[in-house]
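Some notes on the structure that comes next.
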Amino acid sequence: MKVAFAGTPEFAHASLQALLAAGHELVLVLTQPDRPAGRGMKLQASAVKQAAQAAGVPVAQPRSLRLDGRWPDDAAAAREALLAAAPDVMVVAAYGLILPDWTLQLPRHGCLNVHASLLPRWRGAAPIHRAIEAGDRETGVTIMQMDAGLDTGAMLNREALTIAADATTGSLHDELAALGGRLIVAALHDLAAGRLQPVAQPAEGVCYAHKIDKAEAAIDWTRPAIEIERRIRAFDPFPGASTQLGGEVVKLWRAELAAADGRPGTVVATEESGLLVACGEGGLRLRELQRAGGRRQAAAAFLQARPVGIGTILGAVD
């Protein structure tokens with residue numbers, strides 16, 4: 001079969017590389033336009049674009065696929081490119097643009113999505129973050145036949161993966177990306193052999209993984225320690241959980257549950273192993289922190305550069 005691919009970040013890159021390694025005929029890759037990145041804010045191609053160009057696959061970068069939207073010329077050009085490529089199926093992974101009906105219907109076998117959750121749990125934009133934040137014990141990847149809804153299509157293949165107790169979004173992302181690449185290759189193999197059996201998603205267990213807002217990064221110390229610890233891991237590497245320390249914003253990257261009493265946000269002990277902070281329930285030992293403009297540091301190094309006294313209240317502004 002001839003395969004078109006739509007994706008943008010590293011998660012999608014893993015699926016594209018798996019398809020290329022499996023010998024599929026990639027006829028066109030859609031990815032989002034280059035974005036400013038890095039300290040110099042220079043335009044940078046997506047991971048998917050770089051991989052496609054290295055493999056000699058044609059690339060299109062429309063700003064939208066809606067023919068009646070803000071950029072109809074982009075959408076029309078993308079449509080012409082897809083029609084000329086005549087794919088049998090399109091694989092979609094973390095593309096970041098809405099696919100209108102004409103896109104879903106253009107390939108003979110429609111569009112297959114690589115989604116990083118066990119649907120119908122965590123439909124939406126941030127399934128990895130939300131699974132860790134909620135304390136889920138497992139997640140996985142679902143290969144789905146796309147329809148007009150938000151991650152509502154029939155399931156074609158899925159596989160569960162245990163979430164490690166110390167998993168961050170970064171580490172879990174890499175595991176799920178690799179799993180997604182393996183599952184989409186298997187799904188296309190079964191599709192070609194006529195063995196795919198679509199299964200409707202159950203009505204029970206539906207929940208949505210809303211996009212991460214930077215405003216969520218600020219820690220509310222009145223929450224239970226177990227919730228805060230999960231949020232710190234869920235927001236690593238983006239956007240990074242944070243708190244105020246004497247009017248300075250400090251990011252928190254690693255913490256562990258510990259016994260502590262006191263007003264929520266109060267530093268009750270400073271040790272080489274970390275800052276012990278009281279929470280709404282229990283406490284947290286902050287093991288790795290980062291000052292603005294600095295690097296991630298173990299607590300001992302952080303305290304040498306920025307001493308913190310017992311009784312300091314995190315989250316309070318001087």
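The values are calculated or read from the model by the stated rules, or taken from the named source; none is laboratory data. Please read all numbers here as calculations on a predicted model, not as lab measurements. Note that each Cβ is placed from the backbone with ideal geometry, even for glycine, and that neighbours are counted across all protein chains shown.
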| So P87 fits all but one of (1) surrounded by 17 or more Cβ atoms within 10 Å (Cβ to Cβ); (2) under 26 Å from the mean Cα position of the chain (by Cα); (3) not hydroxyl-bearing (S, T, Y); what number is the exception? | (2)
| Mind checking which residues of the stretch 232-249 are aliphatic (A, V, I, L, M) and either assigned to a strand (DSSP E or B) or assigned by TED's automatic domain parsing to the domain that holds I128 (or both)? | A241, L245, V249
| message | With touching a helix residue (DSSP H, G or I) at 6+ places or on another chain (Cβ under 7 Å) and surrounded by 13 or more Cβ atoms within 10 Å (Cβ to Cβ) as the only criterion, which of A6, A47 stands out? | response | A47
| query | Counting only residues that are farther than 26 Å from I228 by Cβ, over 17 Å from the mean Cα position of the chain (by Cα) and in a loop (DSSP other than H, G, I, E, B), how many does the stretch 142-178 have? | reply | 7
| Out of (1) modelled with pLDDT under 95; (2) closer than 16 Å to G135 by Cα; (3) not hydroxyl-bearing (S, T, Y), the odd one out for A225 is which? | (1)
| query | What single numbered condition from (1) in a loop (DSSP other than H, G, I, E, B); (2) under 18 Å from A22 (Cα atoms); (3) of a type in the set (D, E) fails to hold for D190? | reply | (1)
| said: surrounded by fewer than 21 Cβ atoms within 10 Å (Cβ to Cβ) and either of a type outside the set (S, T, N, Q) or within 17 Å of N113 (Cβ to Cβ) (or both): is that true of G149 in this structure? | reply: yes
| task | Look at the stretch 198-217 and say how many of its residues are of a type outside the set (F, W, Y), surrounded by 14 or more Cβ atoms within 10 Å (Cβ to Cβ) and outside any loop (DSSP other than H, G, I, E, B). | result | 3
| field | Single match in V317, V268 (criterion: farther than 17 Å from I132 by Cα and modelled with pLDDT under 95) | value | V317
| request: Please report, ordered by residue number, the strands (runs of 3 or more DSSP E) entirely within the stretch 250-318 with at least 3 residues that are surrounded by 20 or more Cβ atoms within 10 Å (Cβ to Cβ). | output: 274-278, 283-291
| Does G56 meet the test of being on the phi > 0 side of the Ramachandran plot and modelled with pLDDT of 95 or more? | yes
| field | Selection count, the stretch 9-29, where residues are of a type in the set (D, E), in a helix (DSSP H, G or I) and exposed (fewer than 14 other Cβ atoms within 10 Å of the Cβ) | value | 0
| Residue that is surrounded by fewer than 20 Cβ atoms within 10 Å (Cβ to Cβ) and modelled with pLDDT under 95, where the choices are G170, G69, G110 | G69
| task | Hey, can you tell me all the residues within the stretch 254-284 that are under 17 Å from Q304 (Cα atoms) and touching a residue at least 24 places away in the same chain (Cβ under 8 Å)? | result | V267, A269, T270, E271, E272, S273, G274, L275
| note | So, first residue crowded, with 23+ Cβ neighbours inside 10 Å in the stretch 177-190, second residue part of a helix (DSSP H, G or I), Cβ within less than 6 Å, six or more apart or across chains; the pairs are A177/F11; A177/A14; G180/S15; G181/A14; G181/S15; G181/A18; I184/S15
| In the stretch 30-141, which strands (runs of 3 or more DSSP E) lie fully inside it and hold 1 or more residues that are in contact with a Phe, Trp or Tyr (Cβ under 7 Å, 6 or more places away or on another chain)? | 89-93
| request: Filter the stretch 231-249 for residues that are surrounded by fewer than 20 Cβ atoms within 10 Å (Cβ to Cβ) and either within 19 Å of G170 (Cβ to Cβ) or of a type in the set (D, E) (or both) and give the result. | output: P237, F238, P239, G240, E248
